[in-house]
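Derivation of every value follows stated rules applied to the coordinates shown; laboratory data play no part. Note that the structure is a prediction, hence the values are computed from the model and not measured. Cβ sites come from the backbone with ideal geometry, for glycine too, and all protein chains shown count toward neighbours.
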Amino acid sequence: MPDEPCQCPDCQRFYREHDRLIREFPTLRQQQELSWAALQSFRTLSGRVLEDLQKQHGSKITDNVSQPVHSGASDEPVNAINQAIADLENINAHLFSIEALMERIFDVRVPEEIEQKFRELAGELAPDPLNVDRLRLNRLLHQTPDLPDRS
């Protein structure tokens, strides 16, 4: 594993979102609620898409399964839909499992002193990127054009 974090756009977007979630939800309780809301929204949306696909394509899928497989190009869209429906069914099954595990997380309550520790460490893990000191440090580290290299 490299010492430096990946600099690709996808990873950078992940790091920014990761830090934002820590800054905006710096307590155990807030992280519990955020995780639960994210899981429920994922389940709601993927469940609804699956339901709509099954309504729209259910008879085609059943007909396609009962008929012999053809290798023609016209079968490709139906096969892609079949695969998408199967994948969404698997995703929903996994989400139900995750939900069952996450319910245990909500059994945990911590005293206010521990919540304060969460807030304190959140500030260290994900400092505000617009903080003046952070901006100054970033400028020094990245040698931006407005602060030329001293070598």
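Some values worked out for this structure:
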{"read-out": "Local net charge near GLN40, Cβ-Cβ under 11 Å (Lys/Arg +1, Asp/Glu -1)", "value": "-1"}
{"read-out": "Mean-position separation - Cα centroids, segment 80-133 and segment 1-49, in angstrom", "value": "7"}
